[in-house]
1. Filter segment 156-174 down to residues that are buried (at least 16 other Cβ atoms within 10 Å of the Cβ) and part of a loop (DSSP other than H, G, I, E, B) and give me whichever is nearest to the chain's Cα centre (by Cα).
2. Restricting attention to segment 201-221, which residues are assigned to a helix (DSSP H, G or I) and either surrounded by 17 or more Cβ atoms within 10 Å (Cβ to Cβ) or modelled with pLDDT under 95 (or both)?
3. Would you point out the residue of segment 56-74, among those that are under 21 Å from residue 153 (Cα atoms) and out of contact with any strand residue (DSSP E or B) (no Cβ under 7 Å at 6 or more places or on another chain), that is surrounded by the fewest Cβ atoms within 10 Å (Cβ to Cβ)?
4. Just need a number here: residues in segment 44-92 that are over 18 Å from the mean Cα position of the chain (by Cα) and in contact (Cβ under 8 Å) with a residue 40 or more places away in the chain.
5. Answer yes or no as to whether residue 153 is at pLDDT below 95, touching a helix residue (DSSP H, G or I) at 6+ places or on another chain (Cβ under 7 Å), within 26 Å of residue 40 (Cβ to Cβ) and surrounded by fewer than 19 Cβ atoms within 10 Å (Cβ to Cβ).
6. Of the residues that sit in segment 180-200 and are assigned to a helix (DSSP H, G or I) and touching a strand residue (DSSP E or B) at 6+ places or on another chain (Cβ under 9 Å), which one is surrounded by the fewest Cβ atoms within 10 Å (Cβ to Cβ)?
7. Would you mention how many residues in segment 103-114 are in contact with a strand residue (DSSP E or B) (Cβ under 8 Å, 6 or more places away or on another chain) and in contact (Cβ under 8 Å) with a residue 60 or more places away in the chain?
8. Can you tell me which residue in segment 21-43 is farthest from residue 152 (Cα to Cα), limited to those that are touching a strand residue (DSSP E or B) at 6+ places or on another chain (Cβ under 7 Å) and touching a residue at least 40 places away in the same chain (Cβ under 8 Å)?
């Protein structure tokens, strides 16, 4: 069971397949195994070394309550630590939702480690949708998550909840996101479900900057938990070209 160590924290990851490295970084409340459940690992492992990372606070990785450990540069460093543990100079990076935000962090702080970048379920310019009074408070978000996706959050105990709050609140860090992604010097692909609030701004960003964009059915969760087979194959084709 492999782990990478970064700033005193243990980051768990899995490895399957052979070929160039592809890192899959999940969203909030998910884990490395979610990429196997949704078909991504099976679709990629025949051509790539597929690395699925348990984000800090999730899966088998450490779950500290210290909010400072969830800053974007720190989380980007977790991904790089996994690459270092594997001896991989570069990797294709696929991030969804919070994982997309973490992928932006790698583009900001470690662009030399990227071979390509795929970001889904994330608005590079606006981040988490705002409420009438501004940024959504975590307690509101947590209550909503328990209502709409109880199976997804059932593993979150009261002891782990502070880690989830730190993950969520760190997502407000948006400075330099667009510039980092556009300036990384690697192929970039964006994708979103049509019922996801992130779809329209992401599609507009892609059109403005001449980036490929995959529009798929479903809302924020459906687009990643039960993706259309064409989405997985299109992403696999993009990675093969990159």
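The values are calculated or read from the model by the stated rules, or taken from the named source; none is laboratory data. A quick note: this is a predicted structure, and the numbers were derived from the prediction, not measured. Neighbour counts run over all protein chains shown; Cβ positions are idealised from the backbone, glycine included.
1. By that ranking, first place goes to 171.
2. 201, 202, 203, 205, 206
3. If we take residues in segment 56-74 being under 21 Å from residue 153 (Cα atoms) and out of contact with any strand residue (DSSP E or B) (no Cβ under 7 Å at 6 or more places or on another chain), then 66 is surrounded by the fewest Cβ atoms within 10 Å (Cβ to Cβ).
4. 10
5. yes
6. Result: 200.
7. Looking only at that region, the number is 4.
8. 21
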